[in-house]
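A.B. asks: My questions will all concern the structure given below.
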Amino acid sequence: MVVAVILPRFSLAIAAGGRAALAEGPLALAPEPGRAALVGEVSPAAEALGVAPGMKIAEALARAPQLRLIAADPVAVADSWERVLVRLESVGAQVEDGGVGLACFEARGLGRLHGGSLDGVVKATRAALKLPARIGAGSSRFCAVVAAEQARSRRPSLVDGAAQLAAAPVALLAREPATAKLVEPLARFGITTLGQLAALPRGSVSDRFGRAG
């Protein structure tokens, strides 16, 4: 069983000076110098106004004129994320860094260190983090990430079968480097869930999208 840990809006919280700042109104992470003029992570208030990560700054400001852009701080984010990984390793996990805000590890063997169950591993993980996190578990890395995306901040989620993946959004394919480029073309074809994608003829998907498909 694989455990996935997602820390939502991690980069924005660090750049804004702490998670408390996310409750102050509509915020969005400004692009780093030299990057495309697209917003990064957004606060809940900005999201409620229709602002989404990857949106052009002009469009974001049109939807939320009061939006405050927070300068990115990649050095502070990298340092803070490294400390998160060290905390996760403290529970005995061999952590796979999925990029800032996402980490995964194999739960096998950790149960005996934490009460003999997956729940014990999750509890120990949350205690070590000392940060709000979504924690999920699944039979594969992808299933675990889907579970974490669906989890509430205080309640873990478990995904261990194709049926539970069916309603998950195709956008989750962006979490995997091998399939990240599929999200946009699938959306253009009206494919919005993994279940819709799985229902397509395998040969047709392979012919259209190659190995990634």
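The values are calculated or read from the model by the stated rules, or taken from the named source; none is laboratory data. Nothing here was measured: the structure is a model prediction, and the numbers come from that model. FYI the Cβ positions are ideal-geometry reconstructions off the backbone, even for glycines, and counts take in every protein chain you see. The area values use the complete protein model at the heavy-atom level, side chains included, leaving out ligands, DNA and RNA. Shrake-Rupley method; radii C 1.70, N 1.55, O 1.52, S 1.80 Å.
A.B. asks: All but one of (1) surrounded by 14 or more Cβ atoms within 10 Å (Cβ to Cβ); (2) at pLDDT 85 or above hold for Ala199; which doesn't?
C.D. replies: (1)
A.B. asks: Continuing with the same structure: Of all residues in the stretch 159-213, which are farther than 29 Å from Val100 by Cα and among the hydroxyl-bearing types (Ser, Thr, Tyr)?
C.D. replies: Those that are farther than 29 Å from Val100 by Cα and among the hydroxyl-bearing types (Ser, Thr, Tyr): Ser204, Ser206.
A.B. asks: Hey, any hits in the stretch 80-88 for a residue that's in a helix (DSSP H, G or I), touching a Lys or Arg at 6+ places or on another chain (Cβ under 9 Å) and either surrounded by 12 or more Cβ atoms within 10 Å (Cβ to Cβ) or among the charged types (D, E, K, R) (or both)? Give the steps one after another, and end with the answer.
C.D. replies: Initial filter on the stretch 80-88 (in a helix (DSSP H, G or I)): 80-88.
Filter once more, so that each one left must be touching a Lys or Arg at 6+ places or on another chain (Cβ under 9 Å): 87.
Retained after the next criterion (residues that are either surrounded by 12 or more Cβ atoms within 10 Å (Cβ to Cβ) or among the charged types (D, E, K, R) (or both)): 87.
Yes, that holds for at least one residue.
A.B. asks: So, one more: Any chance you could count how many residues in the stretch 91-149 are out of contact with any strand residue (DSSP E or B) (no Cβ under 7 Å at 6 or more places or on another chain), open to solvent by 40 Å² or more (accessible area, probe 1.4 Å), part of a loop (DSSP other than H, G, I, E, B) and more than 23 Å from Ala13 (Cα to Cα)?
C.D. replies: So the count comes out to 7.
A.B. asks: I would also like to ask the following. Quick check: anything in the stretch 185-203 closer than 30 Å to Ile14 by Cα, in a helix (DSSP H, G or I) and of a type outside the set (Gly, Ala, Ser)?
C.D. replies: Of the stretch 185-203, the ones closer than 30 Å to Ile14 by Cα are none.
No: the stretch 185-203 contains no residue that is closer than 30 Å to Ile14 by Cα, in a helix (DSSP H, G or I) and of a type outside the set (Gly, Ala, Ser).
A.B. asks: Go through (1) in contact (Cβ under 8 Å) with a residue 12 or more places away in the chain; (2) open to solvent by 70 Å² or more (accessible area, probe 1.4 Å); (3) in contact with a Gly (Cβ under 9 Å, 6 or more places away or on another chain); (4) in a helix (DSSP H, G or I) and name the single condition Ala45 misses.
C.D. replies: Evaluating Ala45 over (1) in contact (Cβ under 8 Å) with a residue 12 or more places away in the chain; (2) open to solvent by 70 Å² or more (accessible area, probe 1.4 Å); (3) in contact with a Gly (Cβ under 9 Å, 6 or more places away or on another chain); (4) in a helix (DSSP H, G or I) leaves (2) as the failure.
A.B. asks: Does any residue in the stretch 175-198 that is among the basic types (Lys, Arg) come within less than 6 Å, Cβ to Cβ, of a residue that is buried (at least 17 other Cβ atoms within 10 Å of the Cβ) and at pLDDT 85 or above six or more places away or on a different chain, and which pairs are these?
C.D. replies: Arg175/Val145
A.B. asks: In the list Ala174, Ala128, Ala144, which residue meets the criterion of being touching a Leu at 6+ places or on another chain (Cβ under 8 Å), closer than 19 Å to Val5 by Cβ and either small (Gly, Ala, Ser) or at pLDDT 85 or above (or both)? So that I can check it myself, show each step before the final result.
C.D. replies: Numbers: Ala174 fails: touching a Leu at 6+ places or on another chain (Cβ under 8 Å); Ala144 fails: touching a Leu at 6+ places or on another chain (Cβ under 8 Å).
Of the residues listed, the single one that is touching a Leu at 6+ places or on another chain (Cβ under 8 Å), closer than 19 Å to Val5 by Cβ and either small (Gly, Ala, Ser) or at pLDDT 85 or above (or both) is Ala128.
A.B. asks: Restricting the search to the stretch 150-171, which residues are open to solvent by less than 30 Å² (accessible area, probe 1.4 Å) and at pLDDT 85 or above?
C.D. replies: The answer is Val170, and nothing else.
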